[in-house]
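A short worksheet on the structure shown next.
The values are calculated or read from the model by the stated rules, or taken from the named source; none is laboratory data. Here the structure is a predicted model, which is why all the values come from computation and not from measurement. Backbone-built Cβ (ideal geometry, glycine too); neighbour counts: all protein chains shown. What goes into the accessible areas is simple: the full protein's heavy atoms, side chains included, and nothing from ligands, DNA or RNA. Shrake-Rupley method; radii C 1.70, N 1.55, O 1.52, S 1.80 Å.
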Amino acid sequence: MTWLGMGALVLILAFILFYASYSISAGVYVKAVCKLNIKDKVVALTYDDGPEPAATLPLLEVLRKHNAKACFFCVGQKAEQYPDIVRRIVDEGHAIGNHSYHHESKFPLYGKRKMKEDLLKAQQILEGVSGQEVHLFRPPFGVTNPTIGSVVKELGWTAIGWSIRSFDTQTQTADKVLHRIKRKLKPGVIILLHDPMPFSAELTEKLLIYLQKNGYKVVPITM
């Protein structure tokens with residue numbers, strides 16, 4: 001094989017590894033649930049990175065108003081800081097999942113022992129606050145690798161991905177995010193959102209109104 005051919009092969013392998021790690025739907029390292037196994041016009045709303053009082057509380061009001069149930073993937077450190085919000089999430093019929101304790105950018109680089117300690121610390125807090133078992137998990141940033149896959153399998157958790165990534169953390173307005181979701185909407189999708197965003201309540205209100213007008217129902221994730 002020529003040097004040119006070797007270089008091309010290295011690039012292809014690098015792309016495959018990148019895709020496997022950064023596309024949770026690929027299922028290479030972690031078999032994640034990325035859509036609902038149903039053909040009816042239903043969707044699931046999921047919120048990452050909370051709780052944050054200024055944004056999560058108004059969001060909960062919107063969900064209550066429309067009688068919609070969601071799944072909140074909570075950061076353990078924030079749940080420890082705002083236990084009353086986590087209790088309210090559960091009391092109002094929403095599901096909660098583990099989103100790590102620190103949500104550090106270096107989380108995917110942790111060794112197995114450190115990663116497991118981080119996740120178990122978050123789990124202990126979430127279960128202690130909510131009074132229920134927590135077995136749903138979404139990796140920080142949606143990144144997966146062999147270590148994450150091994151830990152999730154060992155703990156017996158269910159990894160939850162998404163079918164629509166809203167990119168709400170990279171967009172300035174609720175209307176732009178809503179437009180992106182509308183274009184990809186179809187029965188059974190799991191929508192990735194973030195409750196700490198300042199417009200999360202506004203976006204959710206507009207999204208729920210759109211879903212209702214178009215015959216969609218919002219269902220909780222139960223595994």
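Restricting to bridges with both residues inside the chain, how much of the DSSP beta-bridge set is antiparallel, in percent to the nearest 5?
Details: 1 of 21 bridges.
Close to 5 percent.
Name the residue, out of 38, 125, 89, whose mean-square fluctuation peaks in a Gaussian network model built on the chain with Cα pairs under 10 Å.
Of 38, 125, 89, the most mobile in the Gaussian network model is 38.
Roughly how many Å² is the accessible area per residue of region 87-127, as a whole number, for a 1.4 Å probe?
Working: 2060 Å² over 41 residues.
Ligands and nucleic acids excluded, the result is 50 Å² per residue.
Return the loop-located GluC sites (Glu not before Pro) in region 100-146 (DSSP other than H, G, I, E, B) with at most 11 other Cβ atoms within 10 Å of their own Cβ; answer none if there are none. Mind dumping the intermediate values first?
On the way: sites: 104, 117, 127, 133; in loops: 104, 133.
Those satisfying the criteria are 133.
Identify, among 144, 210, 125, the residue whose Cα sits farthest towards the positive end of the charge dipole of the chain, taking +1 on the Cβ of Lys and Arg and -1 on the Cβ of Asp and Glu, with the dipole about the Cα centre.
After comparing all options, I get 210.
Estimate the FRET efficiency between residue 209 and residue 31 by the formula 1/(1 + (r/R0)^6), using the beta-carbon distance for r and 41 Å for R0, to the nearest 0.05. Before the final figure, lay out each step's value.
Numbers: r = 34 Å, r/R0 = 0.84.
The calculated FRET efficiency here is 0.75.
Select from region 32-120 those trypsin sites (Lys or Arg not before Pro) which occupy a DSSP coil region and have at most 11 other Cβ atoms within 10 Å, ordered by residue number.
Details: sites: 35, 39, 41, 64, 65, 69, 78, 87, 88, 106, 112, 113, 114, 116; in loops: 39, 41, 69, 106.
Of the trypsin sites (Lys or Arg not before Pro), the ones in loops of region 32-120 whose Cβ has at most 11 other Cβ atoms within 10 Å are 39, 106.
Rounded to whole Å and ordered largest first, report the semi-axes of the equivalent ellipsoid of the chain derived from its Cα gyration tensor (root of 5λ). Don't skip to the end; give the middle numbers.
Values: eigenvalues 177, 105, 47 Å².
In descending order, the three semi-axes are 30, 23, 15 Å.
Probe of 1.4 angstrom, ligands and nucleic acids ignored: what's the accessible area per residue over region 145-223, in square angstrom? Before the final figure, lay out each step's value.
Numbers: 3800 Å² over 79 residues.
Heavy-atom SASA per residue in region 145-223 reads 48 Å².
Based on DSSP H runs of at least 4 residues, each adding -39500 (n - 2.57), what is the mean residue ellipticity at 222 nm of the chain after dividing by all its residues, to the nearest 500 deg cm²/dmol?
Helices in the chain give a 222 nm mean residue ellipticity of -14500 deg cm²/dmol.
Cα-Cα over 26 Å: which of 106/186; 39/69; 31/116; 39/78; 153/217; 35/114? Could you put the intermediate results ahead of the total?
On the way: 106/186 34 Å; 39/69 19 Å; 31/116 18 Å; 39/78 36 Å; 153/217 31 Å; 35/114 30 Å.
Going by Cα-Cα distance, 106/186; 39/78; 153/217; 35/114 fall outside the 26 Å limit.
When N counts the residues of region 13-142, how does its alpha-carbon radius of gyration compare numerically with 2.2 N^0.38 Å, as a ratio? Could the numbers behind the result be given before it?
Working: Rg = 15.7 Å, N = 130, 2.2 N^0.38 = 14.0 Å.
That ratio works out to 1.12.
Using 0.36 nm per residue of separation minus the Cα-Cα distance, give me the extension gain between residue 153 and residue 172 in nm, one decimal. Before the final figure, lay out each step's value.
Values: separation 19, 0.36 × 19 = 6.84 nm, distance 3.70 nm.
The span from residue 153 to residue 172 would gain 3.1 nm if fully extended.
Over region 46-100, what percent of the accessible surface lies on carbon and sulfur atoms, probe 1.4 Å?
On the way: 920 of 1970 Å².
Carbon with sulfur: 47 percent of the solvent-accessible area.
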